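The values are calculated or read from the model by the stated rules, or taken from the named source; none is laboratory data. Owing to the predicted nature of the structure, the values given are computational and were not obtained by experimental measurement. Counting neighbours? That spans all protein chains shown, and the Cβs are built from the backbone with ideal geometry, glycine included.
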Amino acid sequence: MVFDIPQNPTIKDIHNLYLTSQAKVTQVVEYFFEKIKQKDPNIQAVVRYNENLANQQASKLDNMIVNRTQIEIDDLLQKMPLFGVPYAMKDNVLVEGQLLTAQSRILDGYEATYSADIFEYLTEAGAVLIAQTNMDEFAFGSSTEFSGFGQITKNPWDNNRVAGGTSGGSAALVASGGVSFAIGTDTGGSIRQPSSFCGVVGMRPTYGSVSRYGIVASTSSFDQAGPISNSVEDNELILKVLQKKSNNDQTSIVTENRGVRSEIVIGFAEEFFGDGLDDRVSEVFGELKKKLSQTHQVRLVSLPMSKYNLSVYYILQTVEAAANLERFDSIRYGQQIGAGEMFFGGRGEYLGDETKRRIMLGTYTSSSGYYDAYYNKACQVRELISQDFVKAFESVDVLVMPASPYPAFGIGENSSDPMSMYLADIMTVSQPISKLPALVVPGSMVKSDDAQLPVGIQLVGAQGNEETLYKLGKEIVCLS
């Protein structure tokens, strides 16, 4: 089945098929299934196809446009902005009746009994779920090498390199053209870093602006779901669908529309451009700074508390993760086992090494002898890091910084060294610490061995300032 559609189609490209009567929704869904099954063996982004669900959703949508005029279809597309658009979802978002594992063997065979709010919102907007994507177990990792089932997602630009993590499956599938958009979750960079590695657009929204109801909890005070897409315009459209106040999530908020200034003042934080930054990445940002200086005020700002970002993040993240994972005890959730196995095996058998490492770290730092010295101190420093950003946004509208110190690294390069893997998050943890929105857009390509690799540009704004990030993001894409 062949359509007049680009390799990496946008929502507009797909909608044009319906407006011009080139295809039905069921045909478009079939086309994307065939496309993914052709490409995915090389990148290993998909863990599960949702063919029955997708065909049911597509048939309902086809019934809505049968015998409609072009004007009537256009009106329907305005009301349902994701009408007939196939998408993929990270394997930690619940969909009633569908399997979910969060890529942990302890949840093998688990079937969701209810759906996440974001799935309901996407369905109401007309989107069609066709696949669930690979991730690091329970969203602990930075490379999508740590699935409990052994599946490693490969970078579409170079199959010997990682796609990033933990939403690497979602980012790689979008980059390969398998879907127009996918949903990821971001705890400490899990949307933004793989978006940078794979050369796509990824948004971590303001904390609380997208409901977490129905998403397997990793770190409750950091977790946020967001869209990964081929274009900034699509990403902005999808986020508008996702951002709704939910009565199911006590942290859910309605973000105030801050508006967009006619002249955006841009800041470069000096602490994010020092030692440890790959020379190729440094060169990309040097060129970008020159170009932006021609049309914008560009200022150098300081975030002095950023030296504590990783320490604060990994103390708070592991404490919350250890608490959240207590429920996977083989009684309430997880593999059902005998009493003897539960006490002497159970979680140890079914959980991966990185998950166990974080549980142990979190349990240690939250224990009675160390709670004040580690956890309470980290909470205090978290506030100081947040105040750094508040002060910075008094003089600039957007902060520009890398999403990673380097382009995509090789598969297996850091997987045996936890500290190297944790350092991969150094550019992306301060934003969730401060509950800020951050957008990654593709920048320039850089040479690495025999491949050209993408370098992403990360834009950070004040809470609720996503609209400004999207405006500048569109401009940067045109400059790259």
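Things to note:
Listed here are the residues, each with its yes/no results for (1) under 14 Å from Tyr207 (Cβ atoms); (2) surrounded by fewer than 16 Cβ atoms within 10 Å (Cβ to Cβ); (3) of a type in the set (Gly, Ala, Ser).
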residue: Ser218; (1), (2), (3): yes, no, yes
residue: Gln224; (1), (2), (3): yes, no, no
residue: Asn230; (1), (2), (3): no, no, no
residue: Glu233; (1), (2), (3): no, no, no
residue: Val241; (1), (2), (3): no, no, no
residue: Phe268; (1), (2), (3): no, no, no
residue: Phe272; (1), (2), (3): no, no, no
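- Test: residue in the stretch 47-60 that is touching a Gly at 6+ places or on another chain (Cβ under 6 Å) and among the basic types (Lys, Arg): no
- From Ile43, Ile14, Ile71, residue being among the aliphatic types (A, V, I, L, M) and in contact with a strand residue (DSSP E or B) (Cβ under 6 Å, 6 or more places away or on another chain): Ile43
- When Gly276 is tested against (1) modelled with pLDDT under 95; (2) more than 26 Å from Ser306 (Cα to Cα), just one condition goes unmet, and that condition is (2).
- When residues of the stretch 352-372 are limited to those that are outside any helix (DSSP H, G or I) and without any contact (Cβ under 8 Å) to a residue 12 or more places away in the chain, the one nearest to Glu326 (Cα to Cα): Ser367
- Selected residue (only one of Asn55, Asn67, Asn63 is more than 25 Å from the chain's Cα centre (by Cα) and on the phi > 0 side of the Ramachandran plot): Asn67
- Lone unmet requirement of (1) crowded, with 22+ Cβ neighbours inside 10 Å; (2) in contact with a Pro (Cβ under 9 Å, 6 or more places away or on another chain) for Asn42: (1)
- Just one of the listed residues (Gln98, Gln57) is within 30 Å of Phe328 (Cα to Cα) and of a type outside the set (Asp, Glu), namely Gln98.
- Where helices (runs of 4 or more DSSP H) fall wholly inside the stretch 375-444, the ranges with 2 or more residues that are at pLDDT below 95 and out of contact with any Ser or Thr (no Cβ under 8 Å at 6 or more places or on another chain) are 418-423.
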